[in-house]
Amino acid sequence: MKKVLVVDDSQSIRSQVAAALEPADFQVLGAADCVNALQWLQDLVDLDLLLLDVNLPGMSGIELLERVMADPGTWRIPVLMLTTAADRELLERARKAGAKGWLVKPFKSELLLSTAKRLTLPTARP
Amino acid sequence: MALAALREIFRAEVEELLVNLDAGLLELERSRESDAARERLFRAGHTLKGIGGVIGWIEFMRLTHALESVLDHLRAGTLRASDELIGALFAGVDSVQRMVRAGESSDVALSGYGPALNRLRALEPPAPDSLVPGVPSLYEIVLRFRPDLAALSEDTKLLLDQLGVMGELVSVEPLPESMSSFERDATRVPPGLRVLLRTPETELAIKGVCVYSADEDRLRIVRLAETSRDASEPERAARERRSE
């Protein structure tokens, strides 16, 4: 079972991710902010995908992404940003920092599922 | 997670956001120039729009998109906190509340929705149709796969699945310069694709799913046409560009 961590301060978004991915044999874990996310990243082994809201309270999703990419223990985890249309410049920064792509909110659950499958393919590039 | 549980979480979060919006609007009425009120309103409207996809209710998404757009203009100072603006925002908030309390299958859910949406849309400068949920545009997507992805036929299939979820795949073709090697080995993924996609999503959303397969210098996304269902003219233009 593939493990996904979704970091978003909206419980609805975290629940949408769980509802979309759990039927497809993903294990979905949630964090509402970067502090909880960093705790999960420290404790989890074999995380297959990280979904990060760009706008988070406290430390931003971009800053968390940069920390994940700088850590030898986590840099290989594919990261998908969850964003809004207003975040274009932040998305360019995320892309340069190593994010594999993004989904623009509101997004369809089917799109999230196909994206998660794609980024967790066994032969997906680091 | 069961759909009923998801709906309940969604409904509770919407109600909380609506409380914030109501409080923000009352504050704005008292103090029309308050930056704090404008920022608070935008944050709540922004989150409300963002969760619109959780249950996929198109009218809800349209209305919250319009609310957020007006709030964004208000925050940026491109709209004033006039009586009409505040009235339109209250009407929009009331309509969202009616919708979420009644539920999609209720006859009363959309009572007042049309006038509320029109009042909000009348306030803001015209937006490109591709930014309005539910109004499709035709896009030409040209991408050359990264060499390390060229052999991943499953990735290509999933990419096309993603684009198909976003709208209608009008056409999918390998890039002409890659045809000969592709035809020699039909199991190989072509190094590049040209896709015509009709979708209500924005260019930014399309780019978000394509950048995994192609760096920015290997990816081009061009909006060809707005709402016409007759794509023959832009498709002809796309063919003419290919022959140049």
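Looking at the protein assembly as shown, what % of the alpha carbon pairs are farther apart than 28 Å?
48 percent
Below 8 Å between Cα atoms, with a sequence gap of 6+, how large is the relative contact order for segment A:1-117 in percent?
Relative contact order here is 24 percent.
Return the FRET efficiency for the residue pair B:Ile58, B:Lys157: r is the Cβ-Cβ distance, R0 is 30 Å, and the value is rounded to the nearest 0.05.
With R0 = 30 Å, the Cβ-Cβ based efficiency is 0.60.
How big is the B-A contact in terms of buried accessible area, both chains counted, 1.4 Å probe, rounded to the nearest 100 Å²?
3400 Å²
Just A:Gly61, A:Gly101, A:Gly73 to compare: in a GNM of chain A, with alpha carbon springs under 10 Å, which one fluctuates most?
Maximum fluctuation in the GNM of chain A, among the listed residues, is at A:Gly73.
Taking R0 as 35 Å, what's the FRET efficiency between B:Ala36 and B:Ala2 from their Cβ-Cβ distance, rounded to 0.05?
0.35
Excluding residues on the same chain fewer than 8 positions from A:Lys2, give the lysines whose Cα lies under 23 Å from its Cα.
A:Lys100, A:Lys108, A:Lys117, B:Lys157
Can you work out the Karplus-derived ³J(HN,Hα) for every residue in segment B:56-66? Use 6.51 cos²θ - 1.76 cosθ + 1.60 with θ = phi - 60°, whole Hz, and x for glycine or proline.
Here the 3J(HN,Hα) series is x, 8, 5, 5, 4, 5, 5, 5, 5, 5, 5 Hz.
To the nearest 10 square angstrom, what accessible area does B:Glu203 show with a 1.4 Å probe?
Near enough 70 Å² of accessible area.
Using all C-alpha to C-alpha distances in segment B:21-89, build P(r) with 5 Å bins and read off the rounded percent in each one.
P(r) over segment B:21-89, rounded to whole percents: 3, 19, 29, 24, 13, 8, 3, 0.
What is the Cα centroid distance between segment A:14-51 and segment B:89-125, reported in whole angstrom?
Between the Cα centre of segment A:14-51 and that of segment B:89-125, the gap is 34 Å.
What's the Cα-based Rg to Rh of chain A, Rh via Kirkwood?
My calculation of the ratio gives 0.91.
The values are calculated or read from the model by the stated rules, or taken from the named source; none is laboratory data. All figures in this text were calculated on a predicted structure; none of them were measured in a lab. As a convention, Cβ positions derive from the backbone with ideal geometry for all residues, glycine included, and neighbour counts pool all protein chains shown. Heavy atoms of the whole protein, side chains included, go into the accessibility calculation; ligands, DNA and RNA do not. Shrake-Rupley method; radii C 1.70, N 1.55, O 1.52, S 1.80 Å.
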